Amino acid sequence: MNKLALAVLVSTFSVAAIAAPETFNIDAGHTAPRFEYSHFGYSMQQHRFDKTSGKIVLDRAAKTGSVDVTIDTTSVNTGLALFNGHIQGADFFDTAKYPTITFKSTAVKFDGDKPVAIEGNLTIKGVTRPVTLTVTHFHSMPHPMLKKDAIGANAVARIKRSEFNMGKYAPNVGDDVTLTIAVEAVKE
């Protein structure tokens, strides 16, 4: 094989390797979906879910990707066991019937090689609605302890809980809910 053919072959493989989609598994220990709402106007209550799983696929060269997240609704953490049980009831998350919340992307928007918005379908209590997560922070680098590539991001969206059959006590308890997701994921 002549040198020119070898150079073309090597550069073809190098470009393919750079442009390949990368799959990252969500790190449950460093991923914290949170939700915030007004409690009778007195305060903005903030709660979280402690168990999250999923995958993120990014092809930064092609500016495409996908996000698939599952949140265990039984892991809701309000800081008070009694309220955890209340919010898992039929009027709210109804965890006996709907043990998970899912988000499945339909498009990932990029600015350069960084994702800035993730459009997708959010399913809560069997109701699916389109939601756009705005990425407020994104970082990618080799994980210093795991010695694998890793990514991290923060994303935010606003929803109305009544649109997901969770409108009890609205408007006294705010119908507008801010979802904030801090996520870290490690390359497969």
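The values are calculated or read from the model by the stated rules, or taken from the named source; none is laboratory data. All figures in this text were calculated on a predicted structure; none of them were measured in a lab. Cβ coordinates were reconstructed from backbone atoms using ideal geometry, including for glycine residues, and neighbour counts include every protein chain displayed.
Here are the numbers for the structure shown:
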| quantity | calculated |
| --- | --- |
| Hits in the stretch 43-83 (condition: among the β-branched types (Val, Ile, Thr) and either in contact with a helix residue (DSSP H, G or I) (Cβ under 7 Å, 6 or more places away or on another chain) or closer than 18 Å to Ala96 by Cβ (or both)) | Thr52, Thr70, Ile71, Thr73, Thr74, Val76, Thr78 |
| Selection from the stretch 3-29 of residues that are modelled with pLDDT of 90 or more, in a helix (DSSP H, G or I) and loosely packed, with under 14 Cβ neighbours inside 10 Å | Gly29 |
| Exclusive hit being closer than 22 Å to Asn25 by Cα and either free of Cβ contacts under 8 Å to residues at least 12 places away in the same chain or basic (Lys, Arg) (or both), set Lys160, Lys125, Lys148 | Lys148 |
| Count of residues meeting criterion [under 15 Å from Ser162 (Cα atoms), touching a strand residue (DSSP E or B) at 6+ places or on another chain (Cβ under 7 Å) and of a type in the set (Phe, Trp, Tyr)] in the stretch 84-120 | 1 |
| Matching residues in the stretch 163-188 - criterion: being assigned to a loop (DSSP other than H, G, I, E, B), among the charged types (D, E, K, R) and within 23 Å of Lys51 (Cα to Cα) | Glu188 |
| In the stretch 93-145, residue surrounded by the most Cβ atoms within 10 Å (Cβ to Cβ) [restricted to those that are among the acidic types (Asp, Glu) and not in a loop (DSSP other than H, G, I, E, B)] | Glu119 |
| Pairs with Cβ under 6 Å, 6+ apart, first in the stretch 37-66 and on the phi > 0 side of the Ramachandran plot, second assigned to a strand (DSSP E or B) and aromatic (Phe, Trp, Tyr) | Lys63/Phe110 |
| Counted residues, the stretch 135-188 - those being hydroxyl-bearing (Ser, Thr, Tyr) and in contact with a strand residue (DSSP E or B) (Cβ under 8 Å, 6 or more places away or on another chain) | 4 |
| Residues located in the stretch 146-155, provided they are outside any loop (DSSP other than H, G, I, E, B) and either at pLDDT below 95 or buried (at least 17 other Cβ atoms within 10 Å of the Cβ) (or both) | Ala150, Ile151, Gly152, Ala153, Ala155 |
| Test set (1) touching a helix residue (DSSP H, G or I) at 6+ places or on another chain (Cβ under 9 Å); (2) under 20 Å from Gln46 (Cβ atoms); (3) among the polar types (S, T, N, Q) - Thr134 fails condition number | (1) |
| Condition check for Thr123: among the hydroxyl-bearing types (Ser, Thr, Tyr), touching a strand residue (DSSP E or B) at 6+ places or on another chain (Cβ under 7 Å) and closer than 20 Å to Asp50 by Cβ | yes |
| Residue within the stretch 77-88 that is in contact (Cβ under 8 Å) with a residue 24 or more places away in the chain, under 19 Å from Ala155 (Cβ atoms) and in a strand (DSSP E or B) present | no |
